[in-house]
Amino acid sequence: MNTNKSKEIFEEAKKSIPGGVNSPVRAFQSIKKDYPIFIESAKGSKLFDEDGNEYIDLIGSWGPMILGHNYPEVLEVVRAEMEKGTSFGLPTKKEVVLAELVKECFPAIEKIRLTTSGTEATMAAVRLSRAFTKKNKILKFEGCYHGHSDSLLVKAGSGLLTFEHQDSNGITEAVTKDTITAPFGDFEKTKKIIEDENDIACVIVEPIPANMGVIETSKEFLEFLREITRKKNIVLIFDEVITGFRISLGGACEMFGIQPDLVTLGKIIGGGYPVGAFGGKKEIMDLISPVGNVYHAGTLSGNPVSVAAGIKTISILKENPEIYKTLEKRTKELVSKIENLIQKYEIPATVNYVNSLFTIFFAKDKIENLEDAIDTSDEMFAIYFDTMLENGIIVPPSKYEAHFISYVHSDEDYEKFYFALEKAFEKIKNSL
């Protein structure tokens, strides 16, 4: 596969962009590639690079492309909206329509504020929690990633793990002291922290972690968090930037039947366009300016193009419940075939999945937390990634990320995936 144009662009990019990329995982360094592929366009289930190569996309812009790229009905709405204007810095009626749509799907959200990203949403939710509880500290879980705001980058997942870090430089010692971490799923350690520490403002959690690879959560752990936070006057935040509208219309809240105090959402509520949101109980949300004195603002919050795309995307998902049923059925079939190939080639690998996202971990035993994920094989994952790419399948360039399938992936796409996967597993078997 010829990718010379991507190589040339990367050399130019390094002269003006740190590392040649605007988000670290895109560099392909963790899988020992000299340069990443540069994407020129996308349509449906496919990506096309600058050299004209076609790839079946199993990244999906890290989740929001549940309908695939440039879904015709969404694209039509976006084109019409752009002709009206792309940014006003003033409110629009469509912001209200989107807010009501989200509220209908998430009963925990009584009021909602739009942002420009998931990072901004989680940052604002933490600030709001501190104001509401008049306490200072955060409890988060090792390997859960909540964006790149200072207080949430302690023992985080996603790109930090990809580059063998759990924390980022540039964060003050004072900020670090206010962030407490616990192993995900550990009842006893979490309980001890919460009972011993009286200054915890919020517990923030990915209800289904997807930034150390997909971790299959027990409902009991989330119920435990809901009960103990309510008892201790701590705000419980579900970070559903990945899972919201992806695993079901009401995200993990609906799946587990648990109502947190605040929920954060990401760009899927804008059909993949730049947007995020945080929302929850009225008494908490009414602390936000201009009603209260917790400041949050953004010129592009509620951008008309993103909002229009979001209204159409959520409306399609809401009116077509078979989309989620199809995605769940497809993923189960896919995981079953992956597991059959694992047995056939007798390689140390296991699969975690929830609805339409999954991770193949190259380790013998089930992966349940950050330590387990770190101990998986980098070498085997690199063989897997390379082989898939050579055969026209783009999977996450990091062992700590999730694969995402879309509603428009075809039977032919799946057959090509299985063909490439068998080649990858055969190479891994030969490397052992």
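The values are calculated or read from the model by the stated rules, or taken from the named source; none is laboratory data. Everything numeric in this text was worked out from a predicted model, so none of it was measured. Every residue, glycine as well, gets a Cβ built from its backbone with ideal geometry; the counts of neighbours run over all protein chains shown. The accessibility values were calculated without ligands, DNA or RNA, using every heavy atom of the protein model including side chains. Shrake-Rupley method; radii C 1.70, N 1.55, O 1.52, S 1.80 Å.
Since T122 meets every condition but one in (1) under 20 Å from A277 (Cβ atoms); (2) surrounded by fewer than 21 Cβ atoms within 10 Å (Cβ to Cβ); (3) hydroxyl-bearing (S, T, Y), which condition does it not meet?
Answer for T122: the failing condition is (2).
Step by step: first the residues of the range 50-62, then only those that are of a type outside the set (S, T, N, Q), out of contact with any helix residue (DSSP H, G or I) (no Cβ under 6 Å at 6 or more places or on another chain) and over 18 Å from F417 (Cβ atoms), then the one that is surrounded by the most Cβ atoms within 10 Å (Cβ to Cβ). Which residue is that?
Checked the range 50-62; the qualifying residue surrounded by the most Cβ atoms within 10 Å (Cβ to Cβ) is W62.
Is at least one residue of the range 73-94 open to solvent by less than 20 Å² (accessible area, probe 1.4 Å) and within 20 Å of the chain's Cα centre (by Cα)?
Among the residues of the range 73-94, not one is open to solvent by less than 20 Å² (accessible area, probe 1.4 Å) and within 20 Å of the chain's Cα centre (by Cα), which makes the answer no.
Can you name every residue in the range 199-237 that is over 24 Å from the mean Cα position of the chain (by Cα), in a loop (DSSP other than H, G, I, E, B) and touching a residue at least 60 places away in the same chain (Cβ under 8 Å)?
D199, N233, I234, listed by residue number.
All but one of (1) more than 24 Å from V354 (Cβ to Cβ); (2) open to solvent by less than 40 Å² (accessible area, probe 1.4 Å) hold for N70; state the number of the condition that does not hold.
Among (1) more than 24 Å from V354 (Cβ to Cβ); (2) open to solvent by less than 40 Å² (accessible area, probe 1.4 Å), N70 violates only (2).
Tally up the residues in the range 343-365 that are among the β-branched types (V, I, T), touching a Phe, Trp or Tyr at 6+ places or on another chain (Cβ under 7 Å) and touching a residue at least 60 places away in the same chain (Cβ under 8 Å), please.
Residues meeting the conditions: 1.
Looking at the range 200-213, is at least one residue within 21 Å of M123 (Cβ to Cβ), exposed (fewer than 14 other Cβ atoms within 10 Å of the Cβ) and either of a type outside the set (G, A, S) or at pLDDT below 95 (or both)?
Among the residues of the range 200-213, not one is within 21 Å of M123 (Cβ to Cβ), exposed (fewer than 14 other Cβ atoms within 10 Å of the Cβ) and either of a type outside the set (G, A, S) or at pLDDT below 95 (or both), which makes the answer no.
Name every residue in the range 238-261 that is among the acidic types (D, E) and under 16 Å from the mean Cα position of the chain (by Cα), in order of residue number.
Across the range 238-261, the qualifying residues are D239, E240.
Out of the range 33-45, which residues are closer than 21 Å to H409 by Cβ and open to solvent by 40 Å² or more (accessible area, probe 1.4 Å)? Lay out the reasoning, then the answer.
Within the range 33-45, the first condition is being closer than 21 Å to H409 by Cβ, and the residues that meet it are 37, 39-45.
Residues satisfying the conditions are I39, E40, S41, K43.
Can you say whether L334 is modelled with pLDDT under 95, among the hydrophobic types (A, V, I, L, M, F, W, C) and either closer than 30 Å to D51 by Cβ or in contact with a Gly (Cβ under 9 Å, 6 or more places away or on another chain) (or both), as far as the supplied structure shows?
no
For the range 359-376, name all the residues that are within 24 Å of A182 (Cα to Cα) and surrounded by 15 or more Cβ atoms within 10 Å (Cβ to Cβ).
T359, F361, A363, I367, E368, N369, L370, D372, A373, I374, T376
How many of the residues making up the range 9-32 are within 17 Å of D51 (Cα to Cα) and open to solvent by 40 Å² or more (accessible area, probe 1.4 Å)?
Residues that pass the stated criteria total 3.
Residue pairs, Cβ under 8 Å, 6 or more apart or interchain, first in the range 396-412 and among the aromatic types (F, W, Y), second outside any loop (DSSP other than H, G, I, E, B) and open to solvent by 20 Å² or more (accessible area, probe 1.4 Å). List them.
F404/W62; Y407/T326
Tell me whether the range 384-393 contains one or more residues that are assigned to a loop (DSSP other than H, G, I, E, B) and closer than 26 Å to T217 by Cα.
Checked against the condition, which is being assigned to a loop (DSSP other than H, G, I, E, B) and closer than 26 Å to T217 by Cα, the range 384-393 yields no hits at all.
Being open to solvent by 40 Å² or more (accessible area, probe 1.4 Å) and over 12 Å from V154 (Cβ atoms) is the filter; apply it to the range 170-185 and report the residue that is modelled with the lowest pLDDT.
Here the residue is G170.
Restrict the check to the range 412-426 and report whether at least one residue is assigned to a helix (DSSP H, G or I), buried (at least 16 other Cβ atoms within 10 Å of the Cβ) and in contact with a Pro (Cβ under 7 Å, 6 or more places away or on another chain).
no
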